[in-house]
1. If you keep only loop residues by DSSP, which trypsin sites (Lys or Arg not before Pro) in the chain have at most 14 other Cβ atoms within 10 Å of their Cβ?
2. Note the per residue figure in Å³ for the convex hull of the C-alpha positions in the chain.
3. Once neighbouring chains are kept in place and the probe is 1.4 Å, which whole percent of the accessible area of the chain is contributed by carbon and sulfur?
4. Loop only per DSSP, at most 16 neighbouring Cβ atoms within 10 Å: give me the GluC sites (Glu not before Pro) in the chain, ordered by residue number.
5. From the phi of every residue in the range 56-67, what ³J(HN,Hα) in whole Hz does the Karplus formula 6.51 cos²θ - 1.76 cosθ + 1.60 yield, where θ is phi - 60° and glycine or proline is x?
6. Between S45, S28, S17, which gets the highest mean-square fluctuation from a Gaussian network model of the chain, Cα cutoff 10 Å?
7. What list of ³J(HN,Hα) couplings, whole Hz, do you get for the range 45-52 from phi and the Karplus terms 6.51, -1.76, 1.60, once you set θ to phi - 60° and write x for glycine and proline?
8. Which whole-Hz couplings ³J(HN,Hα) result when phi for each residue of the range 23-34 is put into the Karplus expression 6.51 cos²θ - 1.76 cosθ + 1.60, θ = phi - 60°, listed in order with x for Gly and Pro?
Amino acid sequence: MKFSTRLKELRTEKELSQKQLANATGISQSAIARWELNQVEADASDIITLAKFFGVTTDYILGLTDY
């Protein structure tokens, strides 16, 4: 599974809009949109921020593991 798919899956499971996720994490909504559309790659610090927010590992959010 790709990062873009996993991110959208995690966000929708929590019933968050991109804007709500942006406000909660301090990451711009436009960056989240571009990641979910697989237009650009997230940098390491943003991946760590998202993993902490969702309570998952960075490997999970990157789609490297399924747990």
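1. K2, K14
2. Spelled out: Cα convex hull of the chain, divided by residues, is 73 Å³.
3. Ligands and nucleic acids excluded, carbon and sulfur give 49 percent.
4. Answer in residue order: E15, E41.
5. Per-residue couplings from phi come out as 10, 7, 5, 4, 5, 5, 7, x, 7, 9, 10, 9 Hz.
6. The residue with the greatest mean-square fluctuation here is S45.
7. 5, 5, 4, 5, 4, 5, 4, 5
8. Using θ = phi - 60°, the values come out as 5, 6, 10, x, 9, 5, 5, 5, 5, 4, 4, 5 Hz.
The values are calculated or read from the model by the stated rules, or taken from the named source; none is laboratory data. Just so it is clear, the model here is predicted, and its values are computed rather than measured. Because the Cβ atoms are built from the backbone with ideal geometry, glycine has one as well, and the counts that use them run over all protein chains shown. These accessible areas exclude ligands, DNA and RNA; they are computed on the full protein's heavy atoms, side chains included. Shrake-Rupley method; radii C 1.70, N 1.55, O 1.52, S 1.80 Å.
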